[in-house]
1. Can you tell me which residue among Val118, Val157 is at pLDDT 95 or above, surrounded by 22 or more Cβ atoms within 10 Å (Cβ to Cβ), more than 28 Å from Trp47 (Cα to Cα) and aliphatic (A, V, I, L, M)?
2. Check the range 93-111 and report whether any residue there is surrounded by 21 or more Cβ atoms within 10 Å (Cβ to Cβ), closer than 26 Å to Ile187 by Cα and under 12 Å from the mean Cα position of the chain (by Cα).
3. Pairs, please: C-beta under 6 Å, at least 6 apart or cross-chain, first residue farther than 17 Å from Leu49 by Cα and in the range 209-238, second near the ligand (Cβ under 8 Å from one of its atoms) and modelled with pLDDT under 95?
4. Any idea how many residues of the range 125-151 are part of a loop (DSSP other than H, G, I, E, B) and within 15 Å of the ligand (Cβ to nearest atom)?
Amino acid sequence: KINDAAVVSTPNDGNTSVNRKHRLAYDVERVVQEHLTYVREEISDGWDLIHQEGEMKVYRREVEENGIVVDPLKIFHSIKGVTGHEICHYFWDYRYRMEWETTLDSTKIIEVLEPDTVIFFQMHKRVWPAAQRDSCFWSHIRCISNSEEDQPTWLVVNYTTPHHLAPIKSPHVRLVANVALICETIINEPPLNIQDIKRENIECKLTYVAFVNPGGWVPSAALRSVAKREYPRFLKRFTSYVLEQTRDKPILF
Ligand code: 18C
């Protein structure tokens, strides 16, 4: 089900194609289902709480593959005054991205597969002395209704894919990402009439997970310390941005 607010529009630069039953539909379904299964798993041995601030808890598991740090990261947060739909809308829609992402030089949609699934090419900021990273990934937004009574779960998944419009060009290094943002909306002390729900009654419980392979060697300690600082920073900035954007707008359930 596609919500009007989530329909994408892209600049008509002749470099974007649109098609309906798309070639990555199976891949999208598989990865979405994996995230939905994984999100219910409890934090177990091996996960370290690396940052805690208010309601936000950031966990990380230290993992290396062929000497490259690929630490899975998981953040739990709870934000009063917004819905899961609002959080996912602002995360997915490219029009807002450069307003809250501080680690990007650029972002561009290179293909629209469906109104809820697009392919991005992004150039990340260079962190000296490592080579500059870029990324190419499909990005999918979805609403999942669990029952008539409960608020739906909203999620966004960003998953690396190759694309002919985004060849890997040295000296840039292609990073590999599998990121999901999964949001539930809680209504506290629900008023009898649904129309009377105010922002003070709503709360979004979110889980953000990231599996990122930097695509080439970077010094482990430096990478871990940048990641430890940047992920909480991103989530704080992004959620404040959504609060600011939605404060005076009608609630988007
Ligand atoms: O999920 C986020 N954003 C989405 C929309 O853009 C999308 C992004 C996916 C890619 C995430 C990968 C991030 C790695 C970027 C490397 C370069 C970062 C530059 C850092 C600048 C200080 O899903 C939000 C993503 C929030 C990302 C937080 C940054 C994490 C930093 C990771 C460490 C990189 C270290 C590079 C080498 C350092 C060694 C000296």
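1. Result: Val118 is the single residue among Val118, Val157 that is at pLDDT 95 or above, surrounded by 22 or more Cβ atoms within 10 Å (Cβ to Cβ), more than 28 Å from Trp47 (Cα to Cα) and aliphatic (A, V, I, L, M).
2. So far as the range 93-111 goes, no, none of its residues is surrounded by 21 or more Cβ atoms within 10 Å (Cβ to Cβ), closer than 26 Å to Ile187 by Cα and under 12 Å from the mean Cα position of the chain (by Cα).
3. Final answer for the pair search is Val218/Ala130.
4. Number of matching residues: 8.
The values are calculated or read from the model by the stated rules, or taken from the named source; none is laboratory data. Predicted, not measured: the structure shown is a model, and the values here were computed from it. Every residue, glycine among them, receives a Cβ derived from its backbone with ideal geometry; neighbour counts consider all protein chains shown.
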